[in-house]
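What follows is a short report on a single structure.
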Amino acid sequence: MSRYGFGSDGIPENGDDAGPAFADGVVAAAGIAVYGAGSADVAATRASLVGAGVPAKLVDKDATLWGPDAEAEAKIRLGWVDTFRRSRELLPRLAELRTELADLDHVVLAGMGGSSLAPEVITRTLGVELTVLDTTDPAQIRAALADRLERTLVVVSSKSGGTVETDSHRRAYWQAFVDSGMSEAEAGRHFVVVTDPGSPLETTGHEMGAQVFLADSDVGGRYSALTAFGVVPSALAGVDVAELLDQAEELLPALSEESGNPGLALGAALGAAALAGRDKVALVSDGTGIVGLGDWAEQLIAESTGKDGKGILPVVIETPDSPGAHGGDVVTVTVGGAQPPAGVPGGGVRPDVAVNGPLGAQFLAWEFATAVAGRVIGIDPFNQPNVTESKNNTTRILAEGLPDESPAFTEGAIEVHGGSGDSLAAVLGGLVDGIDSHGYLAVLAFLDRVGDARAEQSRALLATAAGRPVTFGWGPRYLHSTGQYHKGGPQVGSFLQITGAVAVDLPIPGKPYGFAELQAAQAAGDRKAMTDRGRPVVRLHLTDRAEGIDQLLRALASLPAR
Ligand SMILES: O=P(O)(O)OC[C@H]1O[C@H](O)[C@H](O)[C@@H](O)[C@@H]1O
């Protein structure tokens, strides 16, 4: 029997003595079912968590669960457990606002990391349009500004109120509204602000004449899916958020239980696997109705656990057919929304663990599981000690100017910086060969998520060539997510950074730099954080983006598979 209760052909084992194994491996409540968390290792971990009273204590928001060093932060970070109650209070005002702003039917969400990832999953899953801006790419932002401006409602979401990308989007939209002939009062009507009480953005929002929603301040960004950060933009875009809150509420009672507790089962499975050396989690959508949860869970898991040289690396796999879902140090987790009765979870993948159930309950179950896994592996799941490193480098670079770097060589539309070899294929082959035996490769693309979307195909090609976990992140979005793990987690990463020429820049009103310079400084700042750690970093700069992406994909396809 496999260690997580699934057979090697992906069919749950239910022959011989393993007859009830599959059934035993299912922990379900409130529509959430966690399959495959019944192995001996997991059972021991679960028993020790139960012995320490963790489930009930966590539901009671006991801040002592992660040790004395984590206690102060945990005291102000456990509101996510029942935040859905407070979020309900927002619903009448949101309904009114939707009617009042019915003419603004193009909703743009400016927000980084925890301030945009949940609304993106919610709206994608429910098929509701929402334009998410979590980029500094000038072409992507210019395209958003040019799209139905007079009908655009911009939700500016930032917990701290000080995030440079979000502040820059706010400035660019304000300028665009005013330039289009709107009065300041009219422009203000096009903004909704979501922030923590007392943040600088609260003041700015009022000054702009925006609608201001204050979020639960005792919930950290990556745990904020069911707070105003998840609820406000989703509701304004047209989602029935009450349903999501109901789904979470229904799950809560089970989370304090010693058995029949899906959050505990998932957390114990992830934590036990990490302790046993399986510290990468491949997240695969099983195709049963939840779209993009992996991108949200990626931030939750990476930023919560990747620190002190420890952590769980989330690896988002595009489809059940994509390469890289399995590996000796990988736990394969499929995620879905509506497992048919008697259906086999996994959507064609051979999962170690399968999590299936409604989205609102998934959010709460994954948050609970991450906090539990954090205790198992011995880290503080609520801080992010290394996120500021790249930000500080970026600020310094913006003040001092971009580093003067010349490429090792240029091949076609690609300038190659770093690595060894005298052709693109050789450099890429060398990068892949150099991946640590317990390591991973991260592709970090500071490009246009929409216009340059094909760059994402590099992940699957590299996974095939490397035979090791390969992640893909759009910069600067990943800096607010997996960036913490890259710097704070086990130092076994190799990095392929992709930057691109900017044809037409976009100024940031009130700032001495434009988006192109900010984007370049963010890429350079993160490069520095990695090279300072001695990690292998290759940078490919595309002098022509479309041609450069083609060339890169061709070079990757030519690498031998492992
Ligand atoms: O909501 P904000 O304050 O703008 O923060 C957005 C993001 O910024 C930081 O990088 C944090 O590490 C993330 O956890 C957070 O979600």
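The values are calculated or read from the model by the stated rules, or taken from the named source; none is laboratory data. Note that the structure is predicted; figures quoted are calculated from it, not measured. For neighbour counting, all protein chains shown are included, and Cβ atoms are generated from backbone atoms with ideal geometry for every residue, glycine included. Note: areas computed on protein heavy atoms with side chains; ligands, DNA, RNA excluded. Shrake-Rupley method; radii C 1.70, N 1.55, O 1.52, S 1.80 Å.
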Quiz prompt | Intensity falloff of the range 81-245 expressed as log10 I(q)/I(0), Debye formula with alpha-carbon point scatterers, at q = 0.21 Å⁻¹ | solution = -1.55
Self-check item: Å² of accessible area per residue within the range 81-245, as computed with a 1.4 Å probe and no ligands counted
Solution: 34
Self-check item: Stokes-Einstein D (µm²/s) once Rh is taken as the Kirkwood radius of the range 388-557 over alpha-carbon pairs, at 4 °C in 1.567 mPa s
Solution: 80
Exercise. Round to the nearest 0.05 the FRET efficiency obtained for LEU553 and ASP60 when R0 = 51 Å and r is the Cβ-Cβ distance.
Key: 0.50
Quiz item: Within the P(r) computed for the range 514-562, what percentage of the Cα pairs occupies the region above 15 Å?
Solution: 63
Quiz item: How much of the accessible area of the chain, probe 1.4 Å, is carbon plus sulfur, in whole percent?
Solution: 50
Practice problem: With a 1.4 Å probe and every protein chain left in place, work out the accessible area per residue of the range 388-557 in Å², rounded to a whole number. | Solution: 36
Exercise. Calculate the dipole size of the chain relative to its Cα centre from +1 charges on Lys and Arg beta carbons and -1 charges on Asp and Glu beta carbons; express the result in debye to the nearest 20.
Key: 680
Self-check item: Given the chain, longest segment not containing exposed loop GluC sites (Glu not before Pro) (DSSP; at most 13 other Cβ within 10 Å)
Solution: 130-404
Exercise. Just grab the label-to-label distance for ASP404 and ALA561, each label 7 Å out from Cα along the Cβ direction, in nm (one decimal).
Key: 4.7
Quiz item: By DSSP, what percent of the beta bridges with both residues in the chain are antiparallel, rounded to the nearest 5?
Solution: 25
Practice problem: Just add up the charged neighbours of VAL443: K/R +1, D/E -1, any other residue whose Cβ is under 10 Å from the Cβ of VAL443. | Solution: 0
Self-check item: For the chain: span of alpha carbons on each principal axis (Å, largest first)
Solution: 71, 62, 44
